[in-house]
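These notes are about the structure you will find just below.
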Amino acid sequence: MHDESVALCGDGLAVGTDLVAAAESATQQALEPLGGLRPDLVFVFVCGPEPDEASAALERAAKASAGRMAVGCNAAGVIGRGQGVELTSAVSVWAAVLPGARLRSFHLEVLTGADSVAVLGLPPSQPSDSAAILLADPYSFPIAAFVEQVSDALPALPISGGLANGLHGPGSTRLLVDDRVHQRGAVGVLLGEQVHVRALVSQGCRAVGPAMTVTAAEGNVLLGLAGHPALDKLAEIVRWLPPADQALVTTGLHVGIAIDEYSDDHDIAPFLVRGVVGADAERAGLIVGAEVAVGQTVRFQVRDAESADADLAATLARFRAVGPPPGQTDGALLFSCSGRGADLFASAHHDVLAVREGLATTGVAGFFAAGEIGPVMGRTRLHGSTASVLAFS
C-alpha cells in the first residue's frame, strides 16, 4: 500500500515515426510506477520533424496521462528510461505523484512596445513558492533578460529548465501547458513548498592557465588581462599548454568568471563559464558570451568528454553530501545541452545514466536543450553546454 506522504515518479520513452502512438506508449511506461494513482505533474518531450505531429503527440500524452497538470515541448532529442535519443522521432514522458502539492502553471507571452518589451503571464509570487520549471522558445522569448530580471526580483526562487527547439528553426517550436499547445513564448510551473526539490548544474569545463584580473573591458569584450592585451595573453598561455589542450582551445574556448571575487583560492573557487564567441582583432580583445568588468577574476576553460564527465560526477557527489539519504531521491528532470550527447560523449545516454547512478534513482526524464536554465551559487542563470537537473525527494 502506498504511503500517501511519499512522492512517486515514473518515466517512459518510445521511439517511432508515429509520434502519437509513441506518446501513448511512453505515457503508459511513466504511469506504471505510480500504482494506478493519478499523477499531479506530467512533463512531455517530443522529437520529430513536423511541428504539427509534435503538437499531436504533446496533446495525446497529456490526455492519456490524465494528470492534474501537463507541461512539455519539442526538442532536438529526448531523454528517458536511461536513454538519450537525438534527432530521431521519439517521445519521453515523466509523471509524478506529489502529495499535497500546490502547483501553478503559466504561459508567458511577450508584448512589444515602441521602446520596451513586457512579459505577461507569470503568476504573482508567493512566499511558499519553492522552485519553478521553465521551457521557452528561444526565437520569440527574451530568455536571457527574463532570467536576469526574475533572479533580481525573486533571488530565493531557483528556476530550472531549458530552451525548446523545433527541428525547422523559428516557428517550429511547440509548447504545451494546460492542455493547449502554443507556438511562442514560454511555459512552466511554479512548485509550492510542499514539493521538495533541489536544483544543480554541471558546467562541465576544466580550467587551463592561471587566474587573472581583468584590466580592461567594454561590455562583453575582454580587452585586457593582467595588464596585457587579452589576445596576447591568450596566445602566451596557449604556448605553454600541452598539445591536447591546445587542440581543445581551437575547437571551443571558454572563460570562467569568478563568482566569489574574495576567494583566497581561485584554483577551487566556482566560476560562471561563458563561451568565447569571437575576437576583436583591431583591439586585441576577446568577445565573451557575457559582460565582463574591470577588476573581475577570470580563467580560461576548455571542455572535453573527460572533464565534463568528471564535473557531473563531482556535482552529483556534492548533492549527495548535503542532500537526502541514498535511495531517497524519487526522480529528476534533466535538461542537457544538445552538444552534450553523442557529439561529446561516446553515447547520447551519458548524462541520464550518470544522473540515475549519482542520485540512486530511476524516474529521470528530460530533453536535449538549445540552452539550459539553472542556478549557480544561488542565482538562476542561462547556460550553454551544461546539464541542469531538478531532483525531487
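Restricting attention to the range 104-125, which residues are surrounded by 10 or more Cβ atoms within 10 Å (Cβ to Cβ) and of a type in the set (Val, Ile, Thr)? Result: VAL110, VAL117, VAL119. Quick check on the range 329-356: of everything there that is at pLDDT below 95 and within 20 Å of HIS196 (Cα to Cα), which residue is most open to solvent (accessible area, probe 1.4 Å)? Among residues in the range 329-356 that are at pLDDT below 95 and within 20 Å of HIS196 (Cα to Cα), the one most open to solvent (accessible area, probe 1.4 Å) is ASP330. Answer yes or no: is there a residue in the range 212-226 that is open to solvent by 70 Å² or more (accessible area, probe 1.4 Å), modelled with pLDDT under 95 and out of contact with any Pro (no Cβ under 9 Å at 6 or more places or on another chain). No, the range 212-226 has no match at all.
Evaluation of ALA76 against the conditions (1) open to solvent by less than 10 Å² (accessible area, probe 1.4 Å); (2) under 14 Å from GLY366 (Cα atoms); (3) in contact with a helix residue (DSSP H, G or I) (Cβ under 7 Å, 6 or more places away or on another chain) shows that the sole unmet condition is (1). The requirement of being in a strand (DSSP E or B), among the aliphatic types (A, V, I, L, M) and in contact with a helix residue (DSSP H, G or I) (Cβ under 8 Å, 6 or more places away or on another chain) is fulfilled somewhere in the range 351-366, by at least one residue. Go through the residues of the range 287-310 one by one and say whether even a single one is farther than 30 Å from LEU241 by Cα, among the acidic types (Asp, Glu) and either in contact with an Asp or Glu (Cβ under 8 Å, 6 or more places away or on another chain) or in a helix (DSSP H, G or I) (or both). No: zero hits. Scanning the range 97-106 for any residue that is closer than 30 Å to LEU37 by Cβ, touching a helix residue (DSSP H, G or I) at 6+ places or on another chain (Cβ under 9 Å) and assigned to a strand (DSSP E or B) turns up at least one such residue. Can ASP343 be described as free of Cβ contacts under 8 Å to residues at least 40 places away in the same chain and not small (Gly, Ala, Ser)? Considered against the rule, which asks whether it is free of Cβ contacts under 8 Å to residues at least 40 places away in the same chain and not small (Gly, Ala, Ser), ASP343 comes out as yes. Restricting the range 310-322 to residues that are of a type outside the set (Gly, Ala, Ser) and open to solvent by 70 Å² or more (accessible area, probe 1.4 Å), the residue that is nearest to GLY252 (Cα to Cα) is ARG318. Each residue in the range 367-383 was checked for being open to solvent by less than 20 Å² (accessible area, probe 1.4 Å) and more than 10 Å from the chain's Cα centre (by Cα), and 2 of them qualify. Out of the residues in the range 141-175 that are touching an Asp or Glu at 6+ places or on another chain (Cβ under 7 Å) and assigned to a strand (DSSP E or B), state the one that is nearest to SER336 (Cα to Cα). Out of the qualifying residues, it is GLY162. If the requirement is being open to solvent by 30 Å² or more (accessible area, probe 1.4 Å), touching a Cys at 6+ places or on another chain (Cβ under 9 Å) and either at pLDDT 95 or above or among the β-branched types (Val, Ile, Thr) (or both), which of these qualifies: THR386, THR362? The conditions single out THR362.
For PRO33, the test of being farther than 20 Å from GLY10 by Cβ and open to solvent by 50 Å² or more (accessible area, probe 1.4 Å) is failed. The C-beta contact set for the range 112-127 (first residue over 27 Å from ARG102 (Cβ atoms) and β-branched (Val, Ile, Thr), second residue assigned to a loop (DSSP other than H, G, I, E, B) and at pLDDT 90 or above, distance under 7 angstrom, 6+ apart or interchain) comprises VAL117/PRO142.
Among the numbered conditions (1) crowded, with 18+ Cβ neighbours inside 10 Å; (2) under 21 Å from the mean Cα position of the chain (by Cα), the only one that VAL97 does not meet is (2). Could we say that ASP52 is surrounded by fewer than 18 Cβ atoms within 10 Å (Cβ to Cβ), of a type in the set (Asp, Glu) and modelled with pLDDT of 95 or more here? Yes: the conditions hold for ASP52. Of all residues in the range 253-274, those that are more than 17 Å from ARG318 (Cβ to Cβ) have Cβ atoms under 8 Å from Cβ atoms of residues that are at pLDDT below 50 and open to solvent by 20 Å² or more (accessible area, probe 1.4 Å), 6 or more apart or on another chain, in ALA258/HIS266. Scanning the range 99-109 turns up no residue that is among the hydroxyl-bearing types (Ser, Thr, Tyr), closer than 25 Å to VAL150 by Cα and without any contact (Cβ under 8 Å) to a residue 24 or more places away in the chain. With respect to the conditions (1) surrounded by 15 or more Cβ atoms within 10 Å (Cβ to Cβ); (2) closer than 18 Å to GLU372 by Cα, GLY169 falls short on a single one, namely (1).
The values are calculated or read from the model by the stated rules, or taken from the named source; none is laboratory data. From a predicted model like this one, the values you see are computed outputs, not experimental measurements. Ideal geometry is used to build each Cβ from the backbone, glycine not excepted, and the neighbour counts take in all protein chains shown. Heavy atoms of the whole protein, side chains included, go into the accessibility calculation; ligands, DNA and RNA do not. Shrake-Rupley method; radii C 1.70, N 1.55, O 1.52, S 1.80 Å.
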